[in-house]
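Undergrad: Sharing a structure here in structure tokens format.
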Amino acid sequence: MGTKTYAKPVEEKAAVTYQGLSRQQLIEAYRIMYTSRRIDDREILLKRQQKIFFQISGAGHEAIGAAAGFVLKPGYDWFYAYYRDRALALALGATPYQMFLQAVGAADDPSSGGRQMPSHWSLPKLNLVTQSSPTGSQILQAVGCAEAGRYFAAHPDAAKKASGDYREFKDVHFYPDEVTYVSLGDGTTSEGEFWEALNTASNRRLPLVFVVEDNQYAISVPVEVQTPGGNISRLVAGFPNFHFEEIDGTDPVETYGAFVRSVDNCRRGNGPAFIHAHVIRPYSHSLSDDERLYRPEAERQRDAARDPISRMQMFLLREGILDEKGINHLEKQVDEELQAAVDRALEADRPKPQTVTQYIYSPNLDPTSASFDTQPVFPSGADGKKPTPKTMADLINATLRDEMHRDERIVIFGEDVADCSREQYLQAKLVKGKGGVFKLTSGLQYEFGTDRVFNSPLAEANIVGRATGMATRGLKPVVEIQFFDYIWPAMMQLRNELPLIRWRSNNGFSAPAVIRVAIGGYLTGGAIYHSQCGESIFTHIPGLRVVFPSNALDAAGLLRTAIRSDDPVLFLEHKRLYRETFGRAPYPGPDFMVPFGKAKIVQPGTDVSVITYGAVVPRALQAVQRLEREHGVKAELIDLRCLSPFDWEAIVASVSKTNRAVVAYEDCLSWGYGAEIVARIAAELFDQLDAPVRRVAAKDTFVAYQPILENAILPQVDDLFRAIQQVAEY
Ligand SMILES: Cc1ncc(C[n+]2csc(CCOP(=O)(O)OP(=O)(O)O)c2C)c(N)n1
Ligand SMILES: [Mg+2]
């Protein structure tokens, strides 16, 4: 281990340091490592006694945490630490008691209030950011976190508090030379998001330390199955701008040296670092795994010989840093502390069942409230004439522009959203710039600069993962997914990360980012992969607000609400409506907002309620107008505008009046968004109904290219007309 000074007499050794670590620090390192291991042992016992419900250990990985803890600063640097980083959490300041509180699922578990498994760290004061269980989903968020620190350093005013929106509840702190730590296992390097993160860290030279804790196994799968050639260092060596280290991660002294060099490199702004630490996994993967099923005894013995706890103990003895008595004393102290912590945790209050819905959304800012309900202020037109109506695309662009002026925390990125990544072309006025495939972000990079509006790599998880990390730090990313059809690579982030940050950390962290997505069909030629809907997949996710405007004015008002809100929002923009004549409006001014969860009565009526949203709204309007003309049926047309939350009260009011309902949507009929509305109507308004509730939606197939097929698949005016008529006349 470390510098070989053991031949020297004891007196001389007092002054000797070990790669810069003092003898006192080495004792401290041992205390942390031993504590970490003993917590695992205690938890294993507790699990066997059925006093806790899950256990995963940091055994074999302790030296990394102890070493990193001497180099990185809690509350200053940022930490995305995976489940084997118990020693790191201790080194940063987490207490054994806090860990046992999580293990028993106590109300006062500071990481999650009993919501997450043990070893899923979240301690806001330490900048230890809430972790989840999917392997690898932390890495892109760490990239976003590092980017946020850099952004605030360049835009310090953006960090200031402001009232009237999410900023009131989102304190920002940053340091110009801060570093973000992210760790993962050898198996996790197989996840695509790992490579997407390397890409951006490298390209942007981010102050980010990747730590791969290579224990040779991902549950039962050995490293050579994950990593061609068996060594991740060799594979990543080609990434530019990195500082690389490959070390024995069971040796705290060697590991410390690697961290000193890596972190120094990051703090100087040279770029990211990659520490590949070879460690061991002396216990099975978790208590649900028995490694003897796939690892022979001899291999396990080889690992055991490298156990960092016993090696460190031997090292301290050999170096004369602690004698046997000293070691025994330290261990006894730790064991007593742990016993007391376990006893207290077992007695601690458990969470109350009625708290389960707390912190799904911001407890501070309610986007359905009256403060988000403001009146439009239209410009006066030239020569006293009415102002020119603008398209939905125009108004979204104008809203983004005004909000960017108002709030310097807003950054915009995505595929093709910049005017021109080679900004010298823009500066020399050689090109006009692109600004999005639908031009929704046109001119924004030109006006606000490349650090506020920029292109991402062609990688959707990259976009959403980074946005999540940025939003956790207090930025307001308003990112774009170019086509809904391609949102799926980001699904892990959208289903398991962004909307869960607040709930799973028991309000310790939040990530109110806005994801704008171009959605929908009726494009004549859009075909399978440029026409998809699928909003119900996202309204099924608690914690995510889902908005789907049908016209320019609502789009402007709802987008502003989305941006100022304290919750993550999926903002669905129908491509067919971007430039439609239907629903154009003059710009409603820089403070116009539409609250979430408030439907709009597009046309009042008494005979049947038609509940819909998005591009079906103009089609349903045609149908109900024709129905009135030809049959004298007065249908009430309701545009939900916001899908989660949705305006149940408006539906109740309407159906109580008409006693009949049709629910229409563009997506496939079965399991679609309308199913929930119809179920609620059936359950709660049964007594009011004079006819069965009908759904009108797409056929349960894919959207085809040939317009004859597309028309047959997507719901048309005629389909709506017939269904509404039948229900009205039932
Ligand atoms: C995305 C995802 N797939 C599968 C799992 C189940 N799982 C949990 S840990 C693990 C192995 C991780 O191995 P590695 O990255 O080497 O970390 P180690 O546990 O060895 O430290 C697997 C497959 C998961 N949590 N997340
Ligand atoms: Mg592993």
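The values are calculated or read from the model by the stated rules, or taken from the named source; none is laboratory data. The structure displayed is predicted, hence computed values, not measured ones. Counting neighbours? That spans all protein chains shown, and the Cβs are built from the backbone with ideal geometry, glycine included. With ligands, DNA and RNA removed, areas are computed over all heavy atoms of the protein, side chains included. Shrake-Rupley method; radii C 1.70, N 1.55, O 1.52, S 1.80 Å.
Undergrad: Which residue pairs have Cβ atoms closer than 8 Å, lie 6 or more positions apart in sequence or on different chains, and pair a first residue in region 668-679 that is touching a residue at least 24 places away in the same chain (Cβ under 8 Å) with a second residue that is of a type outside the set (Gly, Ala, Ser) and part of a helix (DSSP H, G or I)?
TA: Final answer for the pair search is TYR673/GLU535; TYR673/THR539; GLU676/THR539; ILE677/ILE651.
Undergrad: Restricting the first residue to region 582-604 and requiring it to be under 13 Å from PHE548 (Cβ atoms), which pairs with a second residue that is open to solvent by 10 Å² or more (accessible area, probe 1.4 Å) and assigned to a strand (DSSP E or B) meet a Cβ separation below 7 Å and a spacing of at least six or different chains?
TA: PHE596/ARG545
Undergrad: Can I ask one more? Any idea which of ARG150, ARG167, ARG205, ARG234 is open to solvent by 10 Å² or more (accessible area, probe 1.4 Å), away from ligand 1 (no atom under 16 Å from the Cβ), under 20 Å from PHE259 (Cβ atoms) and modelled with pLDDT of 95 or more? Let's see the steps before the verdict.
TA: Values: ARG150 fails: under 20 Å from PHE259 (Cβ atoms); ARG167 fails: under 20 Å from PHE259 (Cβ atoms); ARG234 fails: under 20 Å from PHE259 (Cβ atoms).
That would be ARG205, the only listed residue that is open to solvent by 10 Å² or more (accessible area, probe 1.4 Å), away from ligand 1 (no atom under 16 Å from the Cβ), under 20 Å from PHE259 (Cβ atoms) and modelled with pLDDT of 95 or more.
Undergrad: State all residues of region 134-192 that are of a type in the set (D, E, K, R), away from ligand 2 (no atom under 16 Å from the Cβ) and closer than 30 Å to ARG281 by Cβ; if no residue qualifies, say none.
TA: Kept after step one, since they are of a type in the set (D, E, K, R), are these residues of region 134-192: 147, 150, 157, 160-161, 165, 167-168, 170-171, 177-178, 186, 191.
Now restrict to residues that are away from ligand 2 (no atom under 16 Å from the Cβ): 147, 150, 157, 160-161, 165, 167-168, 170-171, 177-178.
Those that are of a type in the set (D, E, K, R), away from ligand 2 (no atom under 16 Å from the Cβ) and closer than 30 Å to ARG281 by Cβ: none in region 134-192.
Undergrad: How many residues are farther than 29 Å from ASP290 by Cα and not in a loop (DSSP other than H, G, I, E, B) if we restrict to region 179-209?
TA: Within region 179-209, the subset farther than 29 Å from ASP290 by Cα is 179-181, 195-209.
Within this subset, residues satisfying the condition of being not in a loop (DSSP other than H, G, I, E, B) are 180-181, 195-203, 208-209.
Of the residues in region 179-209, 13 are farther than 29 Å from ASP290 by Cα and not in a loop (DSSP other than H, G, I, E, B).
Undergrad: Among the residues of region 383-394, are any assigned to a loop (DSSP other than H, G, I, E, B) and within 33 Å of the chain's Cα centre (by Cα)? Full working, then the answer.
TA: Filtering region 383-394 down to residues assigned to a loop (DSSP other than H, G, I, E, B) leaves 385-389, 391.
So of that shortlist, the ones also within 33 Å of the chain's Cα centre (by Cα) come out as 391.
Yes, there is a match, as at least one residue in region 383-394 is assigned to a loop (DSSP other than H, G, I, E, B) and within 33 Å of the chain's Cα centre (by Cα).
Undergrad: On to the next question. Kindly provide the set of residues from region 329-358 that are under 36 Å from the mean Cα position of the chain (by Cα), free of Cβ contacts under 8 Å to residues at least 12 places away in the same chain and closer than 28 Å to GLU28 by Cβ, ordered by number.
TA: Selection gives ASP343 alone.
Undergrad: Ok, one more. Residues SER183, SER112: which one is away from ligand 1 (no atom under 16 Å from the Cβ), under 30 Å from ALA345 (Cα atoms) and open to solvent by less than 10 Å² (accessible area, probe 1.4 Å)?
TA: Values: SER183 fails: away from ligand 1 (no atom under 16 Å from the Cβ).
It is SER112.
Undergrad: Answer yes or no: is there a residue in region 623-638 that is basic (Lys, Arg), more than 35 Å from the chain's Cα centre (by Cα), in a helix (DSSP H, G or I) and crowded, with 17+ Cβ neighbours inside 10 Å. Show your work before the answer.
TA: Step one: of region 623-638, the residues basic (Lys, Arg) are 626, 629, 634.
Within this subset, residues satisfying the condition of being more than 35 Å from the chain's Cα centre (by Cα) are 626, 629, 634.
Then drop every residue that is not in a helix (DSSP H, G or I), which leaves 626, 629.
Filter once more, keeping what is crowded, with 17+ Cβ neighbours inside 10 Å: 626.
Looking for residues that are basic (Lys, Arg), more than 35 Å from the chain's Cα centre (by Cα), in a helix (DSSP H, G or I) and crowded, with 17+ Cβ neighbours inside 10 Å, one finds at least one in region 623-638, hence yes.
Undergrad: Next question, about the same structure. Failed condition for SER380, given (1) hydroxyl-bearing (Ser, Thr, Tyr); (2) without any contact (Cβ under 8 Å) to a residue 60 or more places away in the chain; (3) in a helix (DSSP H, G or I), with all others met?
TA: Result: SER380 fails condition (3) only.
Undergrad: Does VAL223 fit the bill of being open to solvent by less than 50 Å² (accessible area, probe 1.4 Å) and under 25 Å from SER510 (Cβ atoms)?
TA: Working: open to solvent by less than 50 Å² (accessible area, probe 1.4 Å): yes; under 25 Å from SER510 (Cβ atoms): no.
No; evaluated as a whole, the condition is false for this residue.
Undergrad: Identify, please: which residue in region 186-199 is in contact with a helix residue (DSSP H, G or I) (Cβ under 6 Å, 6 or more places away or on another chain) and within 26 Å of PRO74 (Cβ to Cβ) and is, among those, surrounded by the fewest Cβ atoms within 10 Å (Cβ to Cβ)? Step through it out loud before you land on a result.
TA: Applying the first criterion (in contact with a helix residue (DSSP H, G or I) (Cβ under 6 Å, 6 or more places away or on another chain)) to region 186-199 yields 186-187, 189-190, 193-194, 196-197.
Filter once more, so that each one left must be within 26 Å of PRO74 (Cβ to Cβ): 193-194, 197.
Values: GLU193: 26, PHE194: 21, ALA197: 32.
Only one residue fits best here, namely PHE194.
Undergrad: Continuing with the same structure: Report yes if some residue within region 168-178 is within 20 Å of ARG267 (Cα to Cα), in a helix (DSSP H, G or I) and in contact (Cβ under 8 Å) with a residue 24 or more places away in the chain; otherwise report no. Write out each step before concluding.
TA: Applying the first criterion (within 20 Å of ARG267 (Cα to Cα)) to region 168-178 yields 172-178.
Going one step further and asking which of them are in a helix (DSSP H, G or I), we end up with none.
Checked region 168-178: no residue is within 20 Å of ARG267 (Cα to Cα), in a helix (DSSP H, G or I) and in contact (Cβ under 8 Å) with a residue 24 or more places away in the chain.
Undergrad: Looking only at residues in region 214-273 that are aromatic (Phe, Trp, Tyr) and in a helix (DSSP H, G or I), which one is farthest from ligand 2 (Cβ to nearest atom)? Even if it seems obvious, please write down each step before you answer.
TA: The first filter runs over region 214-273 and keeps only residues aromatic (Phe, Trp, Tyr), leaving 217, 239, 242, 244, 256, 259.
Cutting the leftovers down to in a helix (DSSP H, G or I) gives us 256, 259.
Values: TYR256: 22, PHE259: 20 Å.
The residue in question is TYR256.
Undergrad: Now, a different point. In region 682-702, which residues are open to solvent by less than 20 Å² (accessible area, probe 1.4 Å) and out of contact with any Pro (no Cβ under 9 Å at 6 or more places or on another chain)?
TA: Within region 682-702, LEU685, ALA691 qualify.
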